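Written below as structure tokens is the structure these notes are about.
The values are calculated or read from the model by the stated rules, or taken from the named source; none is laboratory data. The shown structure was predicted, so the numbers you read here are calculated from the model rather than taken from an experiment. Note: ideal-geometry Cβ built from the backbone for every residue, glycine included; neighbour counts use all protein chains shown.
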Amino acid sequence: MPFVSGITIYPVKSCDGIAWTEATVLPSGALRHDRQFALVDSAGRFINAKRTPLIHQLRLLVDPVQRQFQVARRGEVDACCGRLDEHGERLSDWLSAFFSLEVSLVENDETGFPDDLEAPGPTVVSTATLQTVADWFPGLTVDEVRQRFRANIEVGGVEPFWEDRLYRTDRQPQPFQIGSVLFGGTNPCQRCVVPTRDSQTGEVSPAGFAQQFRRRREETLPAWASRDRFDHFYRLCTNIRRLDQGNATIQVGDHLEIRDPS
């Protein structure tokens, strides 16, 4: 039976994730504290991994509950640290020097900063999917694939690409339940340049990653996937949104149940 085998929250968009055993689902459908913060330049434009591979060399850890931070260049011992509400200028100065442009940390604790505004809920992938993708590329570990694709909810007890069951041909949300929360799967997630890069260095590795991924994804597309939802095959994980309301939580060990759309 499908169950939640892992929950990862990414407090700062494009930065390191934190494994949680339980997460609150916000009214927007997002998980509380996920992508709650983002780095922006002086014009308010996101500084993320799509924009610059330099961000992969950044180790920025933010505790959104205690509101503390620690930041360093990967591989360096010395770090800048403090409390967000008291030492925000210190953090901005460090980040500005690192990126060689004016940088600040912005916050949205109601919806976070999702990529898909129509499906701002957590992204879903199965552990078996991550293992299969790792097997496509000799030398890549499951954990490295996990860090490249950055899904929030990992599902155990299922076959590879099980998450492709969570969207429909007619583009209506496919209802499914995690614990007491009703979600709707909307689409296979379109990927960007980020998964082609080493999660620690930002270097493209292996060469031809995106092209090989597209070929293998098409070759292994399961029978239950809606092929017409793939204008291209550089897609992995499922985007979702919330279909109910009210305060709710999900936790590791919760079962996932696909519901009848009616």
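Residue-level analysis places GLY157 outside the set of residues that are modelled with pLDDT under 95 and either within 25 Å of ALA19 (Cα to Cα) or in contact with a Leu (Cβ under 7 Å, 6 or more places away or on another chain) (or both).
Here is a check on your reading of the model: is PHE213 in the same structural domain as TYR167 (by TED's automatic domain parsing), part of a loop (DSSP other than H, G, I, E, B) and not basic (Lys, Arg)? Answer is no for this residue.
Apart from one condition, VAL133 fits all of (1) without any contact (Cβ under 8 Å) to a residue 40 or more places away in the chain; (2) closer than 25 Å to ALA49 by Cα; (3) of a type in the set (A, V, I, L, M, F, W, C); the exception is (1).
Pairs linking a residue in the stretch 236-247 that is free of Cβ contacts under 8 Å to residues at least 12 places away in the same chain and within 30 Å of PHE213 (Cβ to Cβ) to a residue that is surrounded by 15 or more Cβ atoms within 10 Å (Cβ to Cβ) and not charged (D, E, K, R), with Cβ atoms under 9 Å and 6 or more positions apart or on different chains, do not occur. Of the candidates GLY185, GLY253, the single residue that is in contact with a Pro (Cβ under 9 Å, 6 or more places away or on another chain) and within 16 Å of VAL155 (Cβ to Cβ) is GLY185.
If you go through the stretch 104-121 and keep only what is in contact with a Phe, Trp or Tyr (Cβ under 9 Å, 6 or more places away or on another chain) and either within 28 Å of THR201 (Cβ to Cβ) or not acidic (Asp, Glu) (or both), you end up with LEU105, VAL106, ASN108, GLY112, PHE113, GLY121.
For the stretch 183-207, the set of residues classified as small (Gly, Ala, Ser) and either under 13 Å from the mean Cα position of the chain (by Cα) or farther than 22 Å from ARG242 by Cα (or both) consists of SER199, GLY202, SER205, ALA207, listed by residue number. Within the stretch 56-102, being of a type in the set (Asp, Glu) and under 18 Å from ALA19 (Cα atoms) holds for one residue alone: ASP63.
Conditions (1) within 19 Å of THR8 (Cβ to Cβ); (2) at pLDDT 95 or above; (3) in contact with a Leu (Cβ under 7 Å, 6 or more places away or on another chain), marked per residue:
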| residue | (1), (2), (3) |
| --- | --- |
| THR196 | no, yes, no |
| ALA223 | no, yes, no |
| LEU236 | yes, yes, no |
| ILE250 | yes, yes, no |
| GLY253 | yes, yes, no |
| ASP260 | no, no, no |
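Among the residues of the stretch 40-71, the ones that are surrounded by 16 or more Cβ atoms within 10 Å (Cβ to Cβ), among the aliphatic types (A, V, I, L, M) and within 24 Å of VAL204 (Cβ to Cβ) come to 5 in all.
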